[in-house]
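The values are calculated or read from the model by the stated rules, or taken from the named source; none is laboratory data. Just so it is clear, the model here is predicted, and its values are computed rather than measured. Neighbour counts run over all protein chains shown; Cβ positions are idealised from the backbone, glycine included.
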């Protein structure tokens, strides 16, 4: 099955039909709505039965619905490209080793490929098992920071200590004071605001009444602050390379392989992940300005198309109801495969190369100050808690 798209080009008085064949698609998405990963000390819902006994960070029924709807959206968008029935030669999905991403993936593929015909094994249901693979965490990570890259914390500390982020902290000092006074925890920077945003967003999404004091900070300016927190993890070229470079390299390799031989792999690959993954990709594509916290079940689609003898890449972002095509580092929306690779050249890397670079001190400040060293230590603990 192939997907042919037609566009019409007017030249003089003639109308020429230009056909584009879709060759391959890579989709990434964030898991659906979940319980908070942590509660701020004064959170009125931290011991509440509204979570129905669920642990921290667990997928909720709202999150399941979000992914059922996303699966339907994807199925309809690629109805001419993907077969109605699941087949391992056409489709592959991978997930981080976290319950909420695995469960989101299960709901999503059920929505895309409900059992029909001889796939129905129990007459009362239209569900059938579809394999969901564990991802390579060195490429597609569940963490806020890249796996096995200690240098990343120094680079992140440098960013958070930079003039730009210090000015940001100065601008929102009054917001930090409101958060510190009412949340029960001291907040002095954008990273410190993340877990409070996380709790409020999770609670607001299911219609819980937030405390009165939050009206001063939620959703704004807290949303803006947390957007900058997400952007900080891929602020520099080196950080983009360390964090998301190996994953984007896999996409380029996959598209090159499919351009050479469309039967060399599955035509649709899907990765279930986290807001950190979505934010890192968008920021690396320079499509994250201004930065923002990715919505539950947000998604990015990379499409490889063939027009004549040329191959092009199109990228689309879906955040809630906002679906739009985005540019890759300023490339034309219909970006040639060679230009796609060229625009990402500075960040593309394989895992062995990334790991070697992670051990090089050339990227570090010559002699980190005691203040930076303390910040690095604190960041390790704070981000470790946020990522679990």
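Details
- Some residue of the stretch 310-318 being in contact with a helix residue (DSSP H, G or I) (Cβ under 6 Å, 6 or more places away or on another chain) and either assigned to a loop (DSSP other than H, G, I, E, B) or at pLDDT 95 or above (or both): yes
- Exclusive hit being more than 20 Å from residue 63 (Cα to Cα), surrounded by 20 or more Cβ atoms within 10 Å (Cβ to Cβ) and in contact with a strand residue (DSSP E or B) (Cβ under 6 Å, 6 or more places away or on another chain), set 152, 91: 91
- Note on the stretch 182-213: residues that are more than 19 Å from residue 157 (Cα to Cα) and free of Cβ contacts under 8 Å to residues at least 24 places away in the same chain total 6.
- Test: residue in the stretch 239-258 that is surrounded by fewer than 22 Cβ atoms within 10 Å (Cβ to Cβ) and in a loop (DSSP other than H, G, I, E, B): no
- Among the residues examined, residue 99 does not qualify as more than 28 Å from residue 137 (Cβ to Cβ) and either touching a residue at least 24 places away in the same chain (Cβ under 8 Å) or crowded, with 21+ Cβ neighbours inside 10 Å (or both).
- Total residues in the stretch 160-179, condition over 14 Å from residue 220 (Cα atoms) and touching a helix residue (DSSP H, G or I) at 6+ places or on another chain (Cβ under 8 Å): 5
- Scan of the stretch 200-217 for residues that are surrounded by 23 or more Cβ atoms within 10 Å (Cβ to Cβ) and farther than 22 Å from residue 168 by Cα, ordered by number: 202, 203
- Filter pass, residue 377 being at pLDDT 55 or above, part of a helix (DSSP H, G or I) and out of contact with any strand residue (DSSP E or B) (no Cβ under 7 Å at 6 or more places or on another chain): no
- For beta carbons closer than 6 Å, sequence separation of 6+ or different chains, a first residue in the stretch 117-136 that is within 30 Å of residue 246 (Cα to Cα) and a second that is loosely packed, with under 12 Cβ neighbours inside 10 Å, the qualifying pairs are 134/97.
- Within the stretch 224-240, being in contact (Cβ under 8 Å) with a residue 60 or more places away in the chain and in contact with a helix residue (DSSP H, G or I) (Cβ under 7 Å, 6 or more places away or on another chain) holds for 226, 228, 230, 231, 232, 233, 235, 236, 238, 239, 240.
- Where residue 383 falls short, out of the listed (1) within 25 Å of the chain's Cα centre (by Cα); (2) modelled with pLDDT under 95; (3) part of a loop (DSSP other than H, G, I, E, B): (3)
- In the stretch 103-110, the condition of being in a loop (DSSP other than H, G, I, E, B), within 24 Å of the chain's Cα centre (by Cα) and at pLDDT 95 or above is met by no residue.
- Only one of the numbered conditions (1) touching a helix residue (DSSP H, G or I) at 6+ places or on another chain (Cβ under 8 Å); (2) assigned to a loop (DSSP other than H, G, I, E, B); (3) touching a residue at least 40 places away in the same chain (Cβ under 8 Å) is not met by residue 64, and that is (2).
- Evaluation of residue 100 against (1) over 16 Å from the mean Cα position of the chain (by Cα); (2) part of a helix (DSSP H, G or I); (3) within 18 Å of residue 28 (Cα to Cα) (one fails), failing number: (1)
- Only one of the numbered conditions (1) out of contact with any strand residue (DSSP E or B) (no Cβ under 8 Å at 6 or more places or on another chain); (2) at pLDDT 95 or above; (3) in a loop (DSSP other than H, G, I, E, B) is not met by residue 289, and that is (2).
- Counted residues, the stretch 20-39 - those being out of contact with any strand residue (DSSP E or B) (no Cβ under 7 Å at 6 or more places or on another chain) and either farther than 30 Å from residue 208 by Cα or surrounded by fewer than 20 Cβ atoms within 10 Å (Cβ to Cβ) (or both): 2
- Among the residues of the stretch 329-343, the ones that are under 23 Å from residue 262 (Cα atoms) and not in a strand (DSSP E or B) come to 8 in all.
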